[in-house]
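Quick note: the coordinates plus some simple rules give every number you see, no bench work behind them. Because the structure is a prediction, the values reported are computed rather than measured.
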């Protein structure tokens with residue numbers, strides 16, 4: 001029974017943490033809060049909307065009074081996806097061809 005009780009306690013703690021996260025993340029509805037959360041300027045947030053980096057319905061919605069309200073979970077997903085490392089293709093390195101004179105000079109240096 002000890003294992004079962006421990007798992008139940010862990011579950012309760014996770015539920016408490018989830019509730020606290022939902023309370024704190026619900027403040028991410030304004031441009032100022034989003035810019036602070038993402039460490040970007042408000043102008044950058046405007047550009048994200050303009051160039052469709054932020055998607056309507058996913059990252060923000062437009063209210064009936066034409067004001068923009070950000071969707072906290074969409075913003076959180078955006079921040080998480082920005083942390084995914086970008087893989088770069090390694091370019092093939094071509095051998096360097098040098099003249100005999102250069103080779104003799106470098107022979108003494110290297």
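When the chain is treated as a GNM with alpha-carbon contacts under 10 Å, the residue of 51, 65, 39 showing the greatest mean-square fluctuation is 65.
When the chain is treated as a GNM with alpha-carbon contacts under 10 Å, the residue of 100, 16, 66 showing the greatest mean-square fluctuation is 100.
Each principal axis of the Cα atoms in the chain has its own extent, and those three values, largest first, are 74, 56, 20 angstrom. Using alpha carbons only, how many degrees (0 to 90, rounded to 10) separate the axis of helix 2-25 from the longest principal axis of the chain? For helix 2-25, the angle is close to 90 degrees. Dividing the mean sequence gap of close Cα pairs (under 8 Å, 6+ apart) by how many residues the chain holds gives a relative contact order of 19 percent. Its alpha carbons considered, the stretch 24-82 gives a radius of gyration followed by a Dmax of 10.3, 31 Å.
If you run the Gaussian network model on the chain, springs between alpha carbon atoms under 10 Å, then out of 45, 62, 75 the most flexible one is 62. Helix 100-109 sits at what angle to the longest principal axis of the chain, using alpha carbons and giving 0 to 90 degrees rounded to 10? The angle comes out at about 70 degrees. Our summary gives the stretch 24-82 a relative contact order of 36 percent, counting only alpha carbon pairs under 8 angstrom and 6 or more residues apart. One quarter of the convex hull surface built on the alpha carbon atoms of the stretch 12-55 amounts to 3.6 nm², the projected area averaged over directions.
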